[in-house]
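The values are calculated or read from the model by the stated rules, or taken from the named source; none is laboratory data. All values derive from a computational prediction rather than experimental measurement. Glycine also receives a Cβ, built like all others from the backbone with ideal geometry; neighbour counts cover every protein chain displayed.
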Amino acid sequence: MTDYEPPKVWKWEEPTGGKFESINRPTAGSQRTAELPMGEHPFQLYSLATPNGIKVTVLLEELLELGFEGAEYDAFQIRITDGDQFGSGFVELNPNSKIPVLLDRSTKPATRIFESGAILIYLAEKFRAFIPSDQSDRAECLSWLMWQMGSTPYLGGGFGHFYAYAPQKWQYPIDRYAMEVKRQLDVLDKNLSKRSYLCGDQYNIADIASYAWYGGLVLHNIYEASEFLEVSSYKNVVRWAKEIEKRPAVMRGRRVNKTWGPRELRLKERHSAKDFDKPG
């Protein structure tokens, strides 16, 4: 790696290289006029089956599994590599132009919720499910949820970017972020050596949030880094992730807004439970 001397004032010089260079820019706001589609259900979800997207679809499916009919939703795919998140309709719901974003039309006026962790809290509180009612237990749940929100940028934007997406492989950032990701896995592994789930015996939104990222890491070789990170050595994390992945709602939630991988695991849009019976 050659030395880089930063200028006194940084200026954007494109292209910078990397898988997502076409959509990365230092400015916010919409880039074109594009209205979002609307379905018939109370909740309108605009997302993609990334780890952050999976969090929300899993929780919605879990709520429906419990019989909450008010949790019915339409899920529309946002193609982030095509820049759908910069359309005017999407930016109106999420000025940060990131998936997922949820619109709750059961309220007057309709309520927008962006940031995956905020969506999980909103849904859990609205339906009084998958979040503890006891104050101490709730604090533990929210602590682990915030742990995930604060930790995984180092996994995705840090390690994942430099290991899998950067135009070149540089040792320093890969080593730095690999060390941090392994530390995070060790945090989870030690906690799960004493508990069935992150907060104890009850599965909740903290598990859903962390499973989407770390379950993918230890079970599905995201970034093709399983061997490099020796993920199989974190046996308690693997056990926990496998247990969660057996849940029917998780199986369904992982498919929503997915258009890659095995055909039977794809579902571009979701508008009713019957959609899961259709070929991907």
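Between a residue in the stretch 215-240 that is on the phi > 0 side of the Ramachandran plot and touching a residue at least 24 places away in the same chain (Cβ under 8 Å) and any residue that is of a type outside the set (S, T, N, Q) and surrounded by fewer than 18 Cβ atoms within 10 Å (Cβ to Cβ), which pairs come within a Cβ distance under 7 Å, given they are 6 or more apart or on different chains?
Partner pairs satisfying both residue conditions: Y223/A164; E224/A164.
Can you tell me which residues in the stretch 90-102 are surrounded by 15 or more Cβ atoms within 10 Å (Cβ to Cβ), farther than 17 Å from R25 by Cβ and out of contact with any helix residue (DSSP H, G or I) (no Cβ under 6 Å at 6 or more places or on another chain)?
L93 - this is the single residue of the stretch 90-102 that is surrounded by 15 or more Cβ atoms within 10 Å (Cβ to Cβ), farther than 17 Å from R25 by Cβ and out of contact with any helix residue (DSSP H, G or I) (no Cβ under 6 Å at 6 or more places or on another chain).
Tell me yes or no: at least one residue of the stretch 201-215 is modelled with pLDDT of 95 or more, closer than 23 Å to S116 by Cα and surrounded by fewer than 13 Cβ atoms within 10 Å (Cβ to Cβ).
Start the filter on the stretch 201-215 by keeping residues that are modelled with pLDDT of 95 or more, which leaves 201-215.
With the extra rule that they be closer than 23 Å to S116 by Cα, the set shrinks to 202-215.
Restricting the remaining residues to those that are surrounded by fewer than 13 Cβ atoms within 10 Å (Cβ to Cβ) gives none.
There is no residue in the stretch 201-215 that is modelled with pLDDT of 95 or more, closer than 23 Å to S116 by Cα and surrounded by fewer than 13 Cβ atoms within 10 Å (Cβ to Cβ).
Quick check: is even one residue across the stretch 111-123 acidic (D, E) and in the same structural domain as L48 (by TED's automatic domain parsing)?
yes
Do you know which of the residues in the stretch 216-239 that are over 18 Å from the mean Cα position of the chain (by Cα) and of a type in the set (F, W, Y) is surrounded by the most Cβ atoms within 10 Å (Cβ to Cβ)?
Y234
For the stretch 196-244, what are the residues that are basic (K, R) and farther than 14 Å from K182 by Cα? Steps first, please.
The initial filter retains those residues of the stretch 196-244 that are basic (K, R), namely 235, 239, 242.
R239, K242 - these are the residues of the stretch 196-244 that are basic (K, R) and farther than 14 Å from K182 by Cα.
Taking the stretch 178-204, which residues are small (G, A, S) and either in contact (Cβ under 8 Å) with a residue 60 or more places away in the chain or at positive phi (or both)?
Hit for the stretch 178-204 is G200, nothing else.
If you check R25, R79, which single one turns out to be surrounded by fewer than 16 Cβ atoms within 10 Å (Cβ to Cβ), under 30 Å from E245 (Cβ atoms) and outside the structural domain of H220 (by TED's automatic domain parsing)?
Checking each option against the conditions leaves just R79.
Checking A139 against (1) among the hydrophobic types (A, V, I, L, M, F, W, C); (2) in contact (Cβ under 8 Å) with a residue 40 or more places away in the chain; (3) out of contact with any His (no Cβ under 8 Å at 6 or more places or on another chain): exactly one of these is not met. Which one?
With (1) among the hydrophobic types (A, V, I, L, M, F, W, C); (2) in contact (Cβ under 8 Å) with a residue 40 or more places away in the chain; (3) out of contact with any His (no Cβ under 8 Å at 6 or more places or on another chain) applied to A139, the lone miss is (2).
Confirm whether T50 is within 24 Å of A206 (Cα to Cα) and among the hydroxyl-bearing types (S, T, Y).
When the stated conditions are applied, T50 passes them.
Among the residues of the stretch 132-148, write down those that are under 24 Å from L48 (Cα atoms) and buried (at least 17 other Cβ atoms within 10 Å of the Cβ).
W144, L145, W147, Q148
Within the stretch 246-270, can you find the residues that are loosely packed, with under 15 Cβ neighbours inside 10 Å and either of a type outside the set (V, I, T) or in contact with a helix residue (DSSP H, G or I) (Cβ under 6 Å, 6 or more places away or on another chain) (or both)?
K246, P248, M251, W260, G261, P262, R263, E264, L265
Where in the stretch 17-126 are the strands (runs of 3 or more DSSP E), entirely inside, with at least 3 residues that are touching a residue at least 40 places away in the same chain (Cβ under 8 Å)?
Qualifying strands (runs of 3 or more DSSP E): 43-47, 73-77, 101-104.
Could you count how many residues in the stretch 171-225 are of a type in the set (D, E, K, R), out of contact with any Leu (no Cβ under 9 Å at 6 or more places or on another chain) and part of a helix (DSSP H, G or I)?
Within the stretch 171-225, residues that are of a type in the set (D, E, K, R), out of contact with any Leu (no Cβ under 9 Å at 6 or more places or on another chain) and part of a helix (DSSP H, G or I) number 7.
Each row is one residue, and each column tells you yes or no for (1) aliphatic (A, V, I, L, M); (2) surrounded by fewer than 19 Cβ atoms within 10 Å (Cβ to Cβ); (3) modelled with pLDDT under 95.
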{"position": "I113", "(1), (2), (3)": "yes, no, no"}
{"position": "A118", "(1), (2), (3)": "yes, yes, no"}
{"position": "E125", "(1), (2), (3)": "no, yes, no"}
{"position": "Q171", "(1), (2), (3)": "no, yes, no"}
{"position": "K182", "(1), (2), (3)": "no, yes, no"}
{"position": "C199", "(1), (2), (3)": "no, no, no"}
